1. Helix-derived [θ] at 222 nm for the chain: sum -39500 (n - 2.57) over DSSP H runs of at least 4, divide by residue count, nearest 500?
2. Taking square-rooted eigenvalues a ≥ b ≥ c of the alpha carbon gyration tensor, is region 147-271 rounded, prolate or oblate, where a/c under 1.5 means rounded and, failing that, a/b exceeding b/c means prolate?
3. Taking mean projected area of the Cα convex hull in nm² as the quantity of interest, determine which of [x] 14.5; [y] 31.2; [z] 16.1 was computed from the displayed structure.
4. Where in the chain are the DSSP H helices whose alpha-carbon span along the long axis reaches 24 Å or more and whose Kyte-Doolittle mean is at least 1.0?
5. Could you tell me whether region 229-314 comes out rounded, prolate or oblate from its Cα gyration tensor? Rule is a ≥ b ≥ c as square roots of the eigenvalues, rounded for a/c under 1.5, then prolate if a/b exceeds b/c, otherwise oblate.
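All of the numbers you see were taken from the coordinates with simple rules; none came from a lab. The model shown is predicted, which means the values in this text are computed figures rather than measured ones.
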Amino acid sequence: MSSVTTAERPGRARTPRAAPGARPRGPDLGAWFLVLPALLPILVLSVGPLLYGIALAFTDAQSGRTQATRWVGTLNFQDLLHDTLFWESFRIGAVWAVGVTIPQFLLALGLALLLDQNLRFRWLARALAIVPWAMPEVVVGIMWRLVYNPDAGILNETLRNLGLGEGHDWLSGLATALPAVIVVGVWAGMPQTTVALLAGLQNTPRELHEAAALDGAGAWRRFRAVTWPALRPVALAITALNLIWNFNSFALVYVLTNGGPGGRTRLPMLFAYEEAFRYGQFGYAAAMGCVMVAVVSVLIALSLVRRLKGDQDR
């Protein structure tokens with residue numbers, strides 16, 4: 001009788017029990033020592049300056065002052081609510097981020113689909129496609145300033161040779177400055193999107209494409225039924241990242257236009273830079289940075305929620 005009652009159920013592992021009086025096992029300190037070399041630079045170079053910037057936003061810190069910095073509470077944020085120039089830069093930043101991200105994704109998707117084909121010299125085409133990604137933003141900005149040069153730029157020279165006008169000052173015109181900068185942003189950021197989408201395409205099973213082709217599906221139908229469902233998680237992730245990166249852009253626009261003409265290309269990051277290092281309003285600029293961090297945090301949260309929701313639906 002006892003042998004029947006003590007027999008274990010087939011397929012069920014027996015959970016070991018702790019010995020009477022044994023102390024519960026605490027966290028493994030060795031794991032923390034392994035993580036510490038990677039965690040320490042993040043704390044020192046990212047978390048520390050972020051917390052200092054948040055604290056600075058509640059002060060009247062300025063450059064060249066002989067008086068001690070005072071705590072002013074939310075005064076900087078109250079002034080920011082009524083600062084029309086800042087909110088105008090926010091609108092320009094939103095137009096810039098969307099205007100760069102959408103064409104960037106569409107062109108990168110087409111290029112990734114092309115590079116995924118079995119073409120001659122495909123390795124060379126893939127190498128050339130990532131050249132803009134390897135170039136620093138400052139170099140890209142200087143190069144495109146030469147392209148847009150009103151007197152000797154290659155763009156205006158081409159327009160003159162084609163008889164399409166005498167050229168235009170693209171980066172100084174009120175109506176053309178922002179579109180011209182957006183073109184540069186699309187060109188500079190397209191390679192990283194192409195690489196991400198190409199990696200997603202190569203993870204799509206070839207058998208699904210072959211089965212759809214045998215069923216008589218055309219190229220567009222195969223893309224909708226096979227390629228896009230497999231590529232969608234990668235596409236959503238890279239689009240969200242591009243939107244955040246483009247909204248936080250600084251160096252490219254700074255080199256191209258320095259926020260001009262008349263503030264038509266003054267992005268939020270550039271506006272905060274001017275307040276801090278041109279006018280010396282460090283506390284006010286830190287408040288701008290806090291608002292931008294909050295906006296980016298909301299975008300990241302929405303992206304994560306959407307991705308988790310998509311994983312649960314599958």
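1. Numbers: 16 runs with 204 residues, N = 314.
Result for the chain, helices only: -20500 deg cm²/dmol.
2. Values: a/c = 3.87, a/b = 1.91, b/c = 2.03.
It comes out oblate by the Cα gyration axes.
3. Checked against the structure: label [y].
4. Working: long enough: 84-115 (45 Å, 1.54); 177-202 (38 Å, 1.46); 228-247 (28 Å, 1.06); 282-313 (46 Å, 1.11).
Correct list, ordered by number: 84-115, 177-202, 228-247, 282-313.
5. Values: a/c = 4.72, a/b = 2.09, b/c = 2.26.
The shape class here is oblate.
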